[in-house]
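Notes follow the structure.
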Amino acid sequence: MDQEKLAKILCKIPTGIFNLLYVGRRIKKDGQLLNAKAQFLCAVVDKQSVSIETETVENAREQIEKLAGTLGGDYVPLPYVEDFIIPSENGPIPARLYKPTDTGEKLPVLLGFHGGGFIRGSVNSHDGLFRRLAKMWNFAVISVDYRLAPEHKFPAAVDDAYSALRWVQEFGAQKGLDAQKIAIGGDSSGGNLAAVACHDAKKNGTPQPVMQVLIYPTTDSHFTANSHKLFSSGFFLTEERMHWYREHYLNSPLDRDNPRASPLSEEDFSDLAPALIITAGFDPLRDEAEEYAQKLKAANVPVGMVRFEGMVHGFSSLSGLLPDADKSLELVAKSLSQKFGK
């Protein structure tokens, strides 16, 4: 059975069935209990995944697009969705604008970046996630289709992220957006891009977003945090696959030391946008994301940090399977609405 058909079946099975299936067999690690549905998903992915020796970029991209629609939950209709182009000095950047209302009212906006290890993912793979966010509260969302590696290696993606932020700050009003209420965010590699864009804004003397939302972001390209050892395999995202992503994204090992690839290595965290950082308990990226939150706090940047202990990397995109996905997005929407003053 292919992954797409299996995913559809998994979404229809009640949570209680999984709890019964794993009675007395739930994985416990680092003082945490893995969610039963997440445990089953990890087992399926572990068996179904293509070996890294035979993996191709094309196959990896195809898989995220297929599974996103299946595991992402029911389709969320919105009154206004527009694909458009953000101009930049490095070329046009495709983007998608979501609005919860089709009126002349100027809306606050979240500038969002999809995950995918810098080599895969798109506005389509994260269409469900960003639709959900736009629907939950009265703000718009722009999803950015930044350039992907290996066709466009580091720092192409981070250059596009900062360019997109500057465009929305300068020209967002043309799209009915409130230029004074711009937040930035993303999941996984997208969280990395959002974090780096805030540092770029500070270094370039341009305005900070009103908030940065980092969902299980990768912040250190060295992969040395303890959670990388704890959850190196068997928990959806593997260490082996992360190294494969990194090899495709960075030009050489020297790039790992560049703060625009590893924002955790930045020396100055002061005066950055207030942050909400969400992590998953069984995620190799957990500790580096939480260390990033601590560095922000130490620099007196307001930070909210929430760990979903029983979850795995990528869970916020799995609304069709994991109830904690919507809980995490509701937390994001509520935090943004408070920051936007809505």
### Summary
If each K or R counts +1 and each D or E counts -1, the residues other than residue 159 whose Cβ falls under 12 Å of its Cβ total +1
### Task
For the chain, build the charge dipole from Cβ charges (+1 Lys, Arg; -1 Asp, Glu) around the Cα centre, then report which of 44, 165, 11 sits farthest towards its positive end.
11
### Message
Let's test the formula: R0 of 35 Å, r as the Cβ-Cβ distance of residue 179 and residue 58. What FRET efficiency results, to the nearest 0.05?
### Response
0.35
### Query
At a 1.4 Å probe, what is the % contribution of carbon and sulfur to the accessible area of the stretch 263-331?
46
### Query
What is the list of residues in the stretch 58-87 whose amide nitrogen lies under 19 Å from a point 7 angstrom out from the Cα of residue 326, following Cα to Cβ?
68-79
## Note on the structure
Cα pairs beyond 36 Å in the chain, in percent, come to 14
#### Entry: Electrostatic dipole magnitude of the chain [Cβ: Lys, Arg +1; Asp, Glu -1; Cα centre; debye, to 20]
1060
### Query
What is the P(r) of the stretch 13-89, as percent of Cα-Cα pairs per 5 Å bin from 0?
3, 10, 13, 16, 14, 14, 13, 8, 5, 3, 1, 0
### Query
Just from the alpha-carbon atoms, what are the Rg and Dmax of the stretch 191-342 in angstroms?
15.3, 45
### Query
Any idea of the accessible area per residue across the stretch 108-200, 1.4 Å probe, to the nearest Å²?
24
### Stokes-Einstein diffusion coefficient of the stretch 144-204, Kirkwood radius over Cα pairs, 20 °C, 1.002 mPa s, in µm²/s
177
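Just subtract the alpha-carbon distance of residue 101 and residue 203 from 0.36 nm times their residue separation and send over the number in nm, one decimal.
33.2 nm
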### Query
Which percent, to the nearest 5, of DSSP beta bridges fully inside the stretch 76-224 are antiparallel?
40
### Message
With the crude spin-label approximation of a point 7 Å out along Cα→Cβ, what separation in nm comes out for residue 25 versus residue 88?
### Response
4.7
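Computed over the Cα atoms of the stretch 55-129, what is the convex hull's projected area averaged over all directions, in nm²?
Over all viewing directions, the stretch 55-129 projects a mean Cα-hull area of 6.5 nm².
The values are calculated or read from the model by the stated rules, or taken from the named source; none is laboratory data. Quick caveat: nothing in here was measured; it's all calculated off a predicted structure. Virtual Cβ from ideal backbone geometry, glycine too; neighbours counted across all protein chains shown. Accessible surface is based on the protein model in full, side chains and every heavy atom, while ligands, DNA and RNA are left aside. Shrake-Rupley method; radii C 1.70, N 1.55, O 1.52, S 1.80 Å.
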